[in-house]
Structures are given as C-alpha cells and as structure tokens.
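Here's the structure, in structure tokens; my notes come after.
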Amino acid sequence: MEIPLFPLHTVLCPGIALPLHIFEPRYRLMIERCVEKSVPFGIVLIREGREVGSGKVAIAGVGTFAEIREATLLPDGRYDLLVVGSGRFTVDEIDLGKEPYLVGEVTALDDEVGDQVAATTLAARTMRRFVAYLQLLQPMEGETAEEIDVRVEIETETDPGADPEAEPELGPMADPIEITTEDIASVAASEDPLAAEAEEPDGPDDDPERAARLEEAARRLVIPEDPTVLSYLLSGIIQVDAVRRQALLEAASTEARLEALDRLIERELWMLRRRLRFFVPDPRYDTVRRN
C-alpha cells in the first residue's frame with residue numbers, strides 16, 4: 001500500500017498517543033489530505049538529517065501507522081494534531097517526486113508472539129519490574145527530574161449506558177482526569193501484590209486530590225493482559241533514546257521485545273537505585289583540558 005510518510009526524530013509505538021504541531025507547508029498539505037480522506041500517515045524515525053526543510057534524510061525501515069484522533073486547523077494554516085499509533089509497517093520503496101512530502105510503498109507487519117507461554121511469563125515479570133522503574137523515576141527530596149509526558153490509548157471499562165456503536169474512547173486523553181505514568185504504576189501495583197512489594201514508597205498517601213485521581217484511574221484503567229499490547233505500551237513509556245526505542249519497535253516478536261525490555265529495565269533500575277539517572281554535571285566543570 002502507498003501512504004504519506006512523516007519523518008521525525010521520534011519513535012511512535014502502537015497504542016501510544018502523540019501530539020504534533022504541523023507548520024511546514026508540505027506537511028500541512030499532507031495532513032489536509034489525510035483529514036479529508038480519513039486515512040492514516042506513517043511516522044518513521046530519522047536516522048540522519050532533519051525533518052524540516054528540503055535536506056536529505058535517512059529513515060528507518062520500520063515505521064508506525066499514525067491515525068488522526070484530533071485535528072485542529074489554526075487560522076494561519078498550521079495544524080495541531082493528536083495521533084495514535086495503530087500498527088507497524090516496513091518501508092519497501094520511497095517515491096521522492098510524486099508529492100512535495102515523502103510517499104512510501106509499505107507493507108503492514110503482523111505481530112508475531114513467539115512462544116506464547118514464554119511471552120506471557122515475560123509480560124508478568126516485566127510489568128512488575130516496570131512498576132519499580134516508574135516509582136524510582138519519582139525524584140527524591142532535593143532532586144529534580146523532568147516530568148514524563150506520555151499519552152496512551154488504553155482499554156477502559158465500558159460504560160453500561162454507552163452506545164455500543166460509538167467510537168472507542170481515547171483513554172486518558174478524552175477524560176478530564178489526568179492519568180500519569182505514576183498512576184499506571186500505582187494501579188498496576190494495587191492489582192498485583194508482587195508488584196506492590198517491588199518498591200513500596202515510604203509513608204501513607206496523604207494527598208486527597210491524588211488519592212481521588214488514583215481511585216478514578218483504578219476504576220477504569222485496565223492493564224493490558226495481551227503480551228503484545230503490553231510490550232508496545234512499555235516500549236512507548238520507558239525513557240530511552242530513539243535508537244533503543246526503534247529497536248524495540250522492530251523486534252521480530254512479542255517475546256523478543258519483552259526480553260529486550262526486561263534487559264533495558266534491569267539496566268535502568270541499576271542506574272536509578274544509585275540515582276545516576278538524576279546526576280547533572282556542574283557546567284562550571286564542563287571545560288576540561290585534554291592532552
């Protein structure tokens with residue numbers, strides 16, 4: 001199949017929501033056409049080069065279909081989008097002259113699970129360790145850390161009075177109550193005693209507002225039981241560079257992706273327990289004379 005391609009220095013995983021601001025004229029045209037036809041475009045990682053301007057770029061061979069959930073056309077022609085990854089594809093061929101933007105001939109990729117029993121076991125273990133990872137990401141007293149801003153499309157409990165023919169709800173994005181990755185960790189830990197024991201924070205939760213938010217999150221948030229869905233969810237949330245995230249996206253099977261995630265989380269836990277993730281060198285000592 002032929003789809004427009006949007007090269008970025010970002011990897012989009014299936015099930016993850018990504019806000020985009022479209023300002024370059026050729027990509028405005030691309031989005032206008034996608035909105036009119038209600039078709040997705042493809043997001044591919046830039047290996048070399050820049051997505052802005054007419055310079056050449058080298059892109060990854062595996063990308064993700066981006067379905068447009070929200071599109072706001074601004075008065076000056078720019079777009080604010082919310083897209084969600086819906087599946088992977090391989091880039092078979094690029095047509096550089098057909099449109100002002102990249103057009104690719106792509107093949108949708110099926111998700112191979114691998115060994116089902118092994119994948120299910122790995123999913124449970126990886127999720128437990130991921131809870132510890134998310135909890136350790138929270139800065140301790142005297143530390144500063146960037147807030148994780150990841151939006152996910154997740155399964156939610158069905159409202160008994162809802163129209164069964166209606167479009168599925170976009171989890172946290174469509175709800176006024178914000179669900180953070182800390183909330184996901186807390187809900188997961190509450191559902192899994194082993195996870196709760198992994199890294200139990202000290203002291204009771206004495207924040208009524210946060211407690212209410214967690215209660216609401218727990219009411220409708222369902223941690224995916226499908227190992228493939230879970231593997232993509234964790235791949236989209238874990239705070240690693242684009243090259244490592246792309247490797248997770250390209251994994252040959254769910255089992256292989258979960259194995260790679262398990263190794264990455266083990267590495268991240270080692271660093272976080274030693275607070276190495278939060279170390280920022282003093283800029284006064286950046287300039288060092290070398291022979």
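The values are calculated or read from the model by the stated rules, or taken from the named source; none is laboratory data. Quick caveat: nothing in here was measured; it's all calculated off a predicted structure. A quick note on method: Cβ atoms are made from the backbone with ideal geometry, for glycine too, and the neighbour counts reach across all protein chains shown. The protein model used for the area step is the full one, side chains on, heavy atoms only, and it has no ligands, DNA or RNA in it. Shrake-Rupley method; radii C 1.70, N 1.55, O 1.52, S 1.80 Å.
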Next on the checklist: Can you compute 3J(HN,Hα) from phi for each residue in segment 65-70, using the Karplus curve 6.51 cos²θ - 1.76 cosθ + 1.60 with θ = phi - 60°, rounded to whole Hz and x for Gly and Pro?
Outcome noted: 5, 10, 8, 7, 8, 9
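Between LEU73 and LYS98, what FRET efficiency follows from the Cβ-Cβ distance if R0 is 25 Å, with the result rounded to 0.05?
Values: r = 24 Å, r/R0 = 0.97.
Calculated transfer efficiency: 0.55.
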Item to check | Shape of segment 1-64, Cα gyration tensor, a/c cut at 1.5 | outcome: oblate
Checklist outcome for this item: Under the 7 Å Cα-to-Cβ spin-label approximation, SER38 and ARG273 lie apart by a distance in nanometres of 5.2
Item to check | Relative contact order %, segment 65-126, counting alpha carbon pairs below 8 Å whose residues are six or more apart | outcome: 23
Item to check | Accessible area (Å², 1.4 Å probe, nearest 10) - MET271 | outcome: 40
